[in-house]
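Participant: To start, I am sharing the structure in question, which I have written as structure tokens.
The values are calculated or read from the model by the stated rules, or taken from the named source; none is laboratory data. Because the structure is predicted, anything quoted here is derived from the model rather than measured. Quick reminder, even Gly has a Cβ in these numbers, built from the backbone with ideal geometry, and neighbours come from all protein chains shown.
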Amino acid sequence: MQQKMPSFAELLAETTLIALHLEMCDHYVVDEEVDDFTRRQATGQRDADPASPNGAPWVAKIREATARGVAVRRVRIISEPASDYIRYEHAATDVNTPAGEEVRWLPRTSASDLALPESDYWVFDDRVVRFHYFTGDGRWTYDELRDEPQVVKLCRDAFDAAWDRAVPHEDYRLA
């Protein structure tokens, strides 16, 4: 019998020290964002209200975690010039950072000599990795949970190397 995978919220709730997220795709298709992304494409505006239906669930999770002392960090490795979706994400990061999430940006050309896993992932407390798998057009397909020490170390080391090179959100200007 296959065990049910814990949700992101459950994994974050169990985290006591650090949650690390590495993103490497230039486009994602997230059902909850389709209307907002379409509006951004048409008007140049993005929902940046942390209390909105789009932002509130994420903001609540991050605030709760950081209030418990958990460091929440994200590195986005991106192509330059940035895709329309990355521009959309950049505009939304002003919702993430006041909630307590630290976000940095790393141009892909500055990451070419780093050993990086081929998939986006989260590392929780250096004990488990949740890999995200996407189709070529950016649609999520499934997640995989791994807890082998060598996999966790590989992902933690890759994150740290990218983090050290990446530019803090407040200093990064999209190309």
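Participant: Counting only residues that are charged (D, E, K, R) and not in a strand (DSSP E or B), which one in the stretch 130-151 is nearest to K4 (Cα to Cα)?
Facilitator: D147
Participant: May I ask you to say which residue of R156, R127, R165 is touching a helix residue (DSSP H, G or I) at 6+ places or on another chain (Cβ under 9 Å) and over 23 Å from K4 (Cα atoms)?
Facilitator: So the residue among R156, R127, R165 that is touching a helix residue (DSSP H, G or I) at 6+ places or on another chain (Cβ under 9 Å) and over 23 Å from K4 (Cα atoms) is R165.
Participant: Report every pair of residues separated by at least 6 positions or lying on different chains whose Cβ atoms are under 8 Å apart, first residue within the stretch 130-144 and over 21 Å from C155 (Cβ atoms), second assigned to a strand (DSSP E or B) and at pLDDT 95 or above.
Facilitator: T135/T141
Participant: May I pose another question? Based on what the data block shows, is A175 assigned to a helix (DSSP H, G or I) and either closer than 16 Å to D26 by Cβ or touching a strand residue (DSSP E or B) at 6+ places or on another chain (Cβ under 7 Å) (or both)?
Facilitator: Spelling it out, it is not the case that A175 is assigned to a helix (DSSP H, G or I) and either closer than 16 Å to D26 by Cβ or touching a strand residue (DSSP E or B) at 6+ places or on another chain (Cβ under 7 Å) (or both).
Participant: All but one of (1) surrounded by 14 or more Cβ atoms within 10 Å (Cβ to Cβ); (2) touching a residue at least 60 places away in the same chain (Cβ under 8 Å); (3) not aliphatic (A, V, I, L, M) hold for S110; which doesn't?
Facilitator: Condition (2) is where S110 drops out.
Per-residue answers, yes or no, for (1) at pLDDT below 95; (2) crowded, with 19+ Cβ neighbours inside 10 Å; (3) not acidic (D, E):
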| position | (1), (2), (3) |
| --- | --- |
| A91 | yes, no, yes |
| A115 | no, no, yes |
| E118 | yes, no, no |
| Y121 | no, yes, yes |
| G138 | yes, no, yes |
| T141 | no, no, yes |
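Participant: Still on this model: Go through the stretch 1-15 and give me each residue that's among the aliphatic types (A, V, I, L, M) and either within 14 Å of the chain's Cα centre (by Cα) or not in a loop (DSSP other than H, G, I, E, B) (or both).
Facilitator: Matches in the stretch 1-15: A9, L11, L12, A13.
Participant: Where the second residue is assigned to a helix (DSSP H, G or I) and modelled with pLDDT of 95 or more and the first is more than 21 Å from Y85 (Cβ to Cβ) and lies in the stretch 154-175, which pairs have Cβ atoms under 7 Å and are six or more apart or on separate chains?
Facilitator: From the stretch 154-175, the pairs are R165/S110.
Participant: Here is a follow-up. Filter the stretch 28-63 for residues that are under 19 Å from the mean Cα position of the chain (by Cα) and among the basic types (K, R); which is nearest to T97 (Cα to Cα)?
Facilitator: Here the answer is R63.
Participant: Out of the residues in the stretch 65-114 that are within 15 Å of I18 (Cβ to Cβ) and among the charged types (D, E, K, R), state the one that is nearest to the chain's Cα centre (by Cα).
Facilitator: R74
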